[in-house]
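Worksheet: the structure to be examined is printed underneath.
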Amino acid sequence: MELELRRHKSVEDATPGELLINGVKFCATLEDVVREVADQPVVQWKVPGKTAIPAGRYRVAVNFSFRFQTFLPILRDVPGFTGIRLHAGNTPVDTEGCILVGLAWTPSQPTFIGDSRAAVAKLVPLIATALKQGEEVWVTVKNAA
């Protein structure tokens, strides 16, 4: 299974985007600000808890989150980051570097996504089923042009 996160330009203190599954739009996303600087180590541009992960391709697994007390997708081997999950939330305050997913987003409120629990409820079983069937699951994160 191939996930693709297409980021829009960061606005205020957030980065809206969209998540595609196998090339089909699935939901809206919201992350912290993209601060990535090409050819510089993460430690030089990361603001802990307020920075989106670097663009790239990451393996996705599903495991139990003690923080959220449920099974959630987690991205593996993200340079300079640990514990990066796809989870519910509505505003940049909820991200701490993670990727929020939601079914509702409007350009007039670029730093808010809604129906995030519903998005998680749909997303987790899709990924878990693919993994159970022996598929690898990857997410490619792309910055705005």
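The values are calculated or read from the model by the stated rules, or taken from the named source; none is laboratory data. From a predicted model like this one, the values you see are computed outputs, not experimental measurements. Glycine gets a Cβ as well: all are built from the backbone with ideal geometry, and neighbour counts include every protein chain shown. The accessibility values were calculated without ligands, DNA or RNA, using every heavy atom of the protein model including side chains. Shrake-Rupley method; radii C 1.70, N 1.55, O 1.52, S 1.80 Å.
Scan region 95-108 for residues that are in contact (Cβ under 8 Å) with a residue 24 or more places away in the chain and either among the charged types (D, E, K, R) or open to solvent by less than 70 Å² (accessible area, probe 1.4 Å) (or both) and jot them down.
THR95, GLU96, GLY97, CYS98, ILE99, LEU100, VAL101, GLY102, ALA104
Return the only residue of THR129, THR111 being of a type outside the set (A, V, I, L, M) and in contact (Cβ under 8 Å) with a residue 60 or more places away in the chain.
THR111
Read through the list (1) modelled with pLDDT of 95 or more; (2) open to solvent by 10 Å² or more (accessible area, probe 1.4 Å); (3) assigned to a loop (DSSP other than H, G, I, E, B), then give the number of the only condition that ILE53 fails.
Every listed condition holds for ILE53 apart from (2).
Within region 77-93, how many residues turn out to be open to solvent by 60 Å² or more (accessible area, probe 1.4 Å) and assigned to a helix (DSSP H, G or I)?
Looking only at that region, the number is 1.
Would you point out the residue of region 24-36, among those that are open to solvent by less than 60 Å² (accessible area, probe 1.4 Å) and out of contact with any Asp or Glu (no Cβ under 9 Å at 6 or more places or on another chain), that is nearest to LEU100 (Cα to Cα)?
Result: GLU31.
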